[in-house]
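The values are calculated or read from the model by the stated rules, or taken from the named source; none is laboratory data. Source: prediction; values computed, not measured. Every residue, glycine among them, receives a Cβ derived from its backbone with ideal geometry; neighbour counts consider all protein chains shown.
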Amino acid sequence: MELKTIDAELLSKMFKQGTYELNKNKDLVDALNVFPVPDGDTGTNMSLTMNSAIEVVAKQSYETVEEVSKAISKGSLMGARGNSGVILSQIFRGFAKGCKGKVSLNSIEFCHAVKDAADTAYSAVLKPVEGTILTVIRKIAEKAMEYTEEEVAIDELLHILIKRGEETLEKTPEYLDVLKQAGVVDAGGKGLLCILNGCYDAFLGKESTFEAIKIESAEAPAPAQNFMSTEDIVFSYCTEFIIQGDHIQGDALRGVIEGLGDSLVFVQDEDLVKVHIHTNNPGIALEEALKYGALKKVKIENMKDQHSNIIDHHQEVQDVAAEETVQEVEEVLPYEEDYGFIAVSMGDGFSSIFSDLGIVGKILGGQTMNPSTEDFLREIEKCPSKHIFLFPNNSNIIMAAEQARVLSKKDVYVIPSKTMAQCITAMLNFNKEEMPETNHMAMTESLKTVKTIQVTYAVRNTTFDNMVIEKDDYLAVADGAIKASGKVQTDVIMEAIEHTVDGSSEIISIYYGADVMEADALALAELIEEQYGDFEVETYRGGQPLYYYVISVE
């Protein structure tokens with residue numbers, strides 16, 4: 001029997017089956033990474049984004065396609081990981097626009113929703129690149145608009161649109177030369193087709209059970225509380241409460257409350273005021289609040305007890321770090337009042353360097369483990385500073401950081417750092433005496449002075465830029481290109497440095513990874529010093545996985 005409409009129940013099943021199909025094929029999508037390096041994660045990022053969306057949908061039943069699509073949009077927005085995940089969330093955001101006010105979708109309405117999905121995704125990307133997931137969804141939308149005059153069977157329509165998507169996917173190397181060189185199609189486009197094929201299966205009645213995939217987290221670094229003693233905590237009680245009342249005189253109340261402690265967060269919205277403060281007199285704070293209205297959600301925590309427990313039970317805290325109940329625990333971190341810094345970090349050595357530079361907030365992530373929009377938002381909410389700077393430290397994480405900035409109500413600035421070495425340089429260019437906008441400009445500009453070489457190994461045979469690469473060869477990647485490859489690691493590194501230095505270069509910094517001995521790193525530094533005697537060569541432990549060395553040239 002032909003179906004010409006999609007109702008809420010069917011749309012939920014379609015998204016669920018689409019997620020199942022993507023989860024099943026995520027490794028295949030990951031393998032389409034352009035560079036043959038061990039950090040292809042497009043499939044993983046898209047799967048985690050979809051799983052986040054499905055978790056939201058699963059929380060309740062829905063009566064309309066508007067409600068289902070809004071839940072998918074919200075879940076994917078918060079769970080978006082990597083550029084592919086962010087773009088996917090924007091596709092769903094656009095689709096939700098097309099479902100607004102709809103109880104069900106006929107074929108014509110479905111086609112318009114697909115067009116909204118493509119338009120929204122394109123508008124969300126500052127510089128859209130053809131030959132990517134954007135091209136695939138655009139071509140599908142163009143085909144969909146050919147079917148907006150009269151209704152057709154939905155299964156027939158889906159088959160036609162998927163066929164157009166598959167044809168476009170096969171042509172992506174014609175749009176993007178880098179795909180042609182690598183001999184692959186676009187990974188994001190492939191992931192999207194996996195989702196659509198799953199949606200089609202659900203429409204035909206197929207239902208599969210699956211477990212949501214989980215991202216493997218790296219070993220947590222020592223908690224920041226280790227760097228201060230319990231006795232250093234001046235104000236013992238983390239106090240939070242909400243006041244509800246008409247015409248609350250916020251300025252007057254704030255003036256009284258802020259004299260009772262530090263780390264004040266005071267948010268007023270119509271007839272509600274939310275207060276957070278570290279104080280030794282929570283009773284006085286509550287008495288003052290009662291003068292303005294009724295108290296709700298009062299919470300008082302002894303931070304000295306929490307601090308001791310964190311140090312004693314580091315692993316337990318890591319396991320529940322994503323839960324809201326840990327928020328008040330984390331707020332004892334020593335953020336400065338005016339400026340707070342949050343950086344994505346991979347490797348205990350880099351995390352230690354970041355701490356020395358004044359970066360308090362650290363999000364575990366990087367290659368193969370891109371944090372989500374929600375991860376950034378969670379860390380932003382923990383930071384009590386007036387102005388917050390985010391460092392994504394990976395080109396594939398910048399869009400998620402930007403999405404978090406837009407969603408947050410705080411004063412957030414994203415420094416578009418693509419490597420941890422760039423983050424270090426940007427922090428060295430921070431000037432506490434300058435305005436945040438000036439710092440944002442100066443720190444962003446400083447990124448141009450850093451060239452980063454990342455040394456790893458090939459996961460497959462390929463040919464790239466006339467370079468024949470065999471599986472397990474050493475690779476040196478910089479600025480979106482493979483600079484050198486070969487069987488001898490030092491030869492590969494020296495060739496990459498030769499291609500990277502220029503007349504303005506003065507400093508070469510070597511950050512060695514988790515699998516490199518310090519003696520080997522020092523030997524490499526000595527070799528570089530012999531070749532580049534006029535340069536200042538520095539060696540640090542980065543502790544990063546997958547990449548033997550991260551080398552910055554400034």
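Yes/no matrix, rows are residues, columns are (1) in contact with a strand residue (DSSP E or B) (Cβ under 6 Å, 6 or more places away or on another chain); (2) modelled with pLDDT of 95 or more; (3) buried (at least 20 other Cβ atoms within 10 Å of the Cβ); (4) in the same structural domain as THR42 (by TED's automatic domain parsing):
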{"site": "GLU324", "(1), (2), (3), (4)": "no, no, no, no"}
{"site": "PHE341", "(1), (2), (3), (4)": "yes, yes, yes, no"}
{"site": "ASP348", "(1), (2), (3), (4)": "no, no, no, no"}
{"site": "SER351", "(1), (2), (3), (4)": "yes, no, yes, no"}
{"site": "VAL360", "(1), (2), (3), (4)": "no, no, yes, no"}
{"site": "PRO371", "(1), (2), (3), (4)": "yes, no, yes, no"}
{"site": "GLU374", "(1), (2), (3), (4)": "no, no, yes, no"}
{"site": "PRO384", "(1), (2), (3), (4)": "yes, no, yes, no"}
{"site": "ILE388", "(1), (2), (3), (4)": "yes, yes, yes, no"}
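For the stretch 423-463, give me the residue count where each residue is of a type in the set (Val, Ile, Thr) and part of a strand (DSSP E or B).
Narrowing the stretch 423-463 to residues of a type in the set (Val, Ile, Thr): 424-425, 438, 444, 449-450, 452-453, 455-456, 459, 462-463.
Applying the additional criterion that residues be part of a strand (DSSP E or B) yields 452-453, 455-456, 462-463.
Of the residues in the stretch 423-463, 6 are of a type in the set (Val, Ile, Thr) and part of a strand (DSSP E or B).
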**OP:** Please find, within the stretch 162-186, the residue that is farthest from the chain's Cα centre (by Cα) out of those that are of a type in the set (A, V, I, L, M, F, W, C) and farther than 16 Å from THR463 by Cβ.
**Re:** ILE162
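For the stretch 56-89, which residues satisfy the criterion of being over 15 Å from ALA121 (Cβ atoms), in a helix (DSSP H, G or I) and under 18 Å from the mean Cα position of the chain (by Cα)?
To start, the set of residues in the stretch 56-89 that are over 15 Å from ALA121 (Cβ atoms) comprises 56-68, 70-71, 74-75, 78-79, 81.
When the remaining residues are screened for being in a helix (DSSP H, G or I), the result is 56-57, 65-68, 70-71, 74-75, 78-79.
Residues satisfying the conditions are LYS74, GLY75, MET78, GLY79.
Looking at ALA478, ALA458, which one is of a type outside the set (D, E, K, R), farther than 23 Å from GLY503 by Cβ and either in the same structural domain as GLY183 (by TED's automatic domain parsing) or at pLDDT below 95 (or both)? Spell out the reasoning first.
Working: ALA478 fails: farther than 23 Å from GLY503 by Cβ.
Checking each option against the conditions leaves just ALA458.
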**OP:** Could you check ALA31 against (1) closer than 30 Å to PHE464 by Cα; (2) within 19 Å of the chain's Cα centre (by Cα); (3) of a type outside the set (D, E, K, R) and say which number it fails?
**Re:** (2)
**OP:** Could you check, for the stretch 508-519, whether at least one of its residues is more than 28 Å from SER351 (Cβ to Cβ), out of contact with any Phe, Trp or Tyr (no Cβ under 9 Å at 6 or more places or on another chain) and free of Cβ contacts under 8 Å to residues at least 40 places away in the same chain?
**Re:** no
Original post:
Counting only residues that are crowded, with 20+ Cβ neighbours inside 10 Å and of a type in the set (S, T, N, Q), how many does the stretch 114-171 have?
Top reply: 4
Subject >> Conditions (1) at pLDDT below 95; (2) surrounded by 19 or more Cβ atoms within 10 Å (Cβ to Cβ); (3) among the β-branched types (Val, Ile, Thr); (4) more than 17 Å from the chain's Cα centre (by Cα): number failed by THR463 >> reply: (2)
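Tell me, yes or no, whether the stretch 498-506 has at least one residue that is closer than 13 Å to ALA421 by Cα and touching a residue at least 40 places away in the same chain (Cβ under 8 Å).
Quick first cut of the stretch 498-506, residues closer than 13 Å to ALA421 by Cα only: none.
Scanning the stretch 498-506, I find no residue that is closer than 13 Å to ALA421 by Cα and touching a residue at least 40 places away in the same chain (Cβ under 8 Å), so the answer is no.
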Subject >> Of all residues in the stretch 61-70 being of a type outside the set (Ser, Thr, Tyr) and surrounded by fewer than 24 Cβ atoms within 10 Å (Cβ to Cβ), the one that is farthest from ASP7 (Cα to Cα) >> reply: LYS70
**OP:** Mind telling me which of the residues GLU231, GLU146 ends up being more than 29 Å from THR462 (Cα to Cα), at pLDDT below 90, out of contact with any strand residue (DSSP E or B) (no Cβ under 9 Å at 6 or more places or on another chain) and assigned to a helix (DSSP H, G or I)?
**Re:** GLU231
